[in-house]
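Q: Questions regarding the structure given below will be posed in turn.
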Amino acid sequence: MNGLDAGQAALARGDWPAARIAFDTALQVEESPEALEGLGLAAWWLDQADVVFDVRERAYRLYRERDDQVSAARLAVWLAWDTAAFRGEQPIANGWLQRAHRLLEGHSDTTAHAWLALRSGIFALLDDGDPEAAGRWHPRRCGSGRRPAAWTTRWSGAPCTASRA
């Protein structure tokens, strides 16, 4: 099993220290956005904010260089959440969400759309104090016309499901 696979397996079982070690090992072989993204998730669970920002921003740039807009958008959503949670910099967090919106324009329904809706709704409710705006992000009310397939997401190996039914 290579470092990337070992890191993903460690994330799936919630072994954050082992995941960090495995992704560090993978990055010694090659700096890939997937390894950086995995390391960012492990570091997030370990509350290592400096590592989180460094590796997620690098992963974002590498996905953009690869022209993988959906993956870059996923990282932009994470960076929005990180910026608000770790640094309390809501205007910068909103900028990351706006990037994610732009990157996802014209793409079919993905889990990145679901995460973007979730984070946008949370920010509207908790940071802006606007329950009406937050409600517009609810899966049943997203006016995108998208099918509900992407509302099933994965969170470190544990399924999280939302339905538009």
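Q: What's the exposure ranking of Leu118, Leu11, going from fewest to most Cβ atoms within 10 Å? Display every interim value, and only then the final one.
A: Values: Leu118 19, Leu11 23.
Ordered by Cβ neighbours within 10 Å, fewest first: Leu118, Leu11.
Q: If you take the beta carbon distance between Asp127 and Val70 as r and set R0 to 25 Å, what does 1/(1 + (r/R0)^6) give as a FRET efficiency, to the nearest 0.05?
A: Numbers: r = 25 Å, r/R0 = 1.01.
That pair, Asp127 with Val70, gives E of 0.50.
Q: Return the sequence-ordered ³J(HN,Hα) values of the stretch 73-84 in whole Hz as given by the Karplus equation 6.51 cos²θ - 1.76 cosθ + 1.60 applied to θ = phi - 60°, using x for Gly and Pro.
A: Residue by residue, the stretch 73-84 yields 5, 4, 5, 4, 5, 4, 5, 4, 4, 4, 4, 6 Hz.
Q: Follow-up. For a quick size check, give me the Cα extents of the stretch 1-82 along its three principal axes, largest first, whole Å.
A: Reported extents, whole Å, longest axis first: 28, 25, 19.
Q: Across the stretch 39-55, in residue order, what do the Karplus-derived ³J(HN,Hα) couplings come to in whole Hz, using 6.51 cos²θ - 1.76 cosθ + 1.60 with θ = phi - 60° and x for Gly and Pro?
A: 4, x, 5, 4, 5, 4, 5, 8, 6, 10, 4, 4, 5, 3, 5, 4, 6
Q: What length, rounded to one decimal in nm, is gained on full extension from Ala49 through to Asp15, with 0.36 nm per residue of separation minus their alpha-carbon distance? Show your work: numbers first, answer last.
A: On the way: separation 34, 0.36 × 34 = 12.24 nm, distance 1.79 nm.
Extending this stretch completely gives an extra 10.4 nm.
Read-outs: derived from the displayed coordinates by stated rules, not from any lab. Not measured: the values here are computed from a predicted model. Every residue, glycine as well, gets a Cβ built from its backbone with ideal geometry; the counts of neighbours run over all protein chains shown.
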